[in-house]
Amino acid sequence: MEPYQAFWIKLALTGLSASVAETCTYPIDVVKTRLQLQGQQPSRQQPLKVGRSLNALKVATQVIHREGVKGMYSGLTPAIVRHIFYSGTRITTYEYLRSSWQRTASRSMQEAASEFSSSSSSGENLEVAEGTGTKAYIAPAASVKNKASSLPSDVGLLPKLLMGLTAGAVGQLVAVPADLVKVRFQADCRAVASGFIQQHRYKGMVHALQNIVSQEGWSGLWKGGIPAVQRAALVNLGELATYDQAKQAILSSGYLPDGVAVHAASSCVSGFVATVLSTPADVIKTRLMSQDMKQPMYRGAMDCLLQSVRREGILSLYKGFFPTWLRLGPWQLVFWLSYERSRMVAGLESF
């Protein structure tokens with residue numbers, strides 16, 4: 001298979017697997033967003049309605065009671081569109097960076113073997129006499145060169161973390177507009193149900209994009225983009241690098257073959273690490289994206305951070321932690337199982 005063909009197949013399989021995972025776990029994302037918006041003042045002009053904070057189960061019950069089951073899927077279309085761009089970009093970027101690293105490392109090993117070859121006696125076995133009469137054996141240079149070209153160049157944890165960070169940032173930068181629309185759809189449903197606004201601002205995804213551009217300019221499509229990119233970078237630092245490292249560690253142990261059990265275990269580990277790292281940035285991103293730009297509550301990411309901590313305490317940055325974790329775990333499980341299996345069916349190597 002040609003490299004460009006493999007690239008487009010991977011891109012398509014990533015989008016398909018991400019769409020399946022997003023659809024299966026989207027109601028948890030709705031609950032998480034509602035939890036993150038709890039305690040937030042609707043706007044500078046409207047007073048904060050102080051009330052008892054609800055847990056995830058009560059929020060889900062409230063959404064279904066007020067908006068019906070369809071309320072749990074509000075904003076699903078932009079969420080899927082976002083993941084087609086986001087996951088497609090981040091997965092292929094990470095794999096490209098990893099392959100480039102391996103090719104560079106392999107080339108360096110071959111160059112070292114070539115230098116060894118030129119300094120040896122035409123590739124013959126050499127024996128070096130020691131003072132005690134013992135002879136040390138040096139392998140043929142040709143053998144060293146062959147081994148250098150055949151050995152896989154394992155990527156260390158630190159390079160994987162940097163690759164995950166980069167891939168997540170690039171992927172989210174592309175997907176911010178769709179993420180913005182998704183968050184606003186979810187926030188509108190909450191605002192209508194709570195009586196803050198009378199009707200939804202947007203009729204659909206296309207109308208939302210047109211409305212945002214006309215009222216806020218093209219830059220408005222990237223509102224909240226900085227914390228969104230930061231959050232995605234942290235998620236993928238924890239998700240892609242941890243999944244890759246955990247999978248490699250399990251396979252290296254020899255206890256399990258490459259299969260469903262390995263993918264499931266790696267997904268659970270990476271989901272928890274990604275949630276711990278990304279939740280504060282996710283809370284800030286959600287609040288910035290959901291605010292009404294005619295009466296903005298925050299001037300930027302730092303202002304949102306400071307106001308949230310001052311009014312609600314430091315733990316406000318971890319609102320929605322458990323729904324986020326409960327979503328990331330199943331999301332990654334569904335995604336990686338679907339993606340790894342579809343790659344196998346398409347004749348591609350495992351991720």
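The values are calculated or read from the model by the stated rules, or taken from the named source; none is laboratory data. The model shown is predicted, which means the values in this text are computed figures rather than measured ones. Neighbour counts are summed over all protein chains in view; Cβ atoms, including those assigned to glycine, are modelled from backbone coordinates with ideal geometry. Just the protein is used for accessible areas: all its heavy atoms, side chains included, with ligands, DNA and RNA removed. Shrake-Rupley method; radii C 1.70, N 1.55, O 1.52, S 1.80 Å.
The table below gives the values:
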read-out	value
Hits among aspartates and glutamates - C-alpha to C-alpha of residue 223 under 18 Å, sequence gap 8 or more where chains match	179, 188, 282, 292, 303
Theoretical FRET efficiency, 1/(1+(r/R0)^6), r = Cβ-Cβ of residue 54 and residue 293, R0 22 Å, to 0.05	0.25
Proximal aspartates and glutamates relative to residue 247, as straight alpha-carbon distance under 20 Å, when same-chain residues fewer than 8 apart are discounted	95, 154, 239, 258, 340, 349
The stretch 223-319: relative contact order as a whole-number percent, Cα under 8 Å and 6+ apart	35
Rounded accessible area per residue of the stretch 223-319, 1.4 Å, Å²	41
Karplus 3J(HN,Hα) series, Hz, for the stretch 259-273 with 6.51 cos²θ - 1.76 cosθ + 1.60 (x for Gly, Pro)	x, 4, 4, 5, 5, 5, 5, 5, 5, 5, 5, 5, x, 5, 4
Sparse-neighbour loop sites [GluC sites (Glu not before Pro); the stretch 299-351; at most 10 other C-beta within 10 Å; DSSP]	349
Carbon and sulfur %, accessible surface of the stretch 223-319 computed with the full protein complex present, 1.4 Å	68
Too-long pairs where the Cα-Cα distance tops 19 Å, listed order kept, from 294/319; 285/319; 32/319	294/319
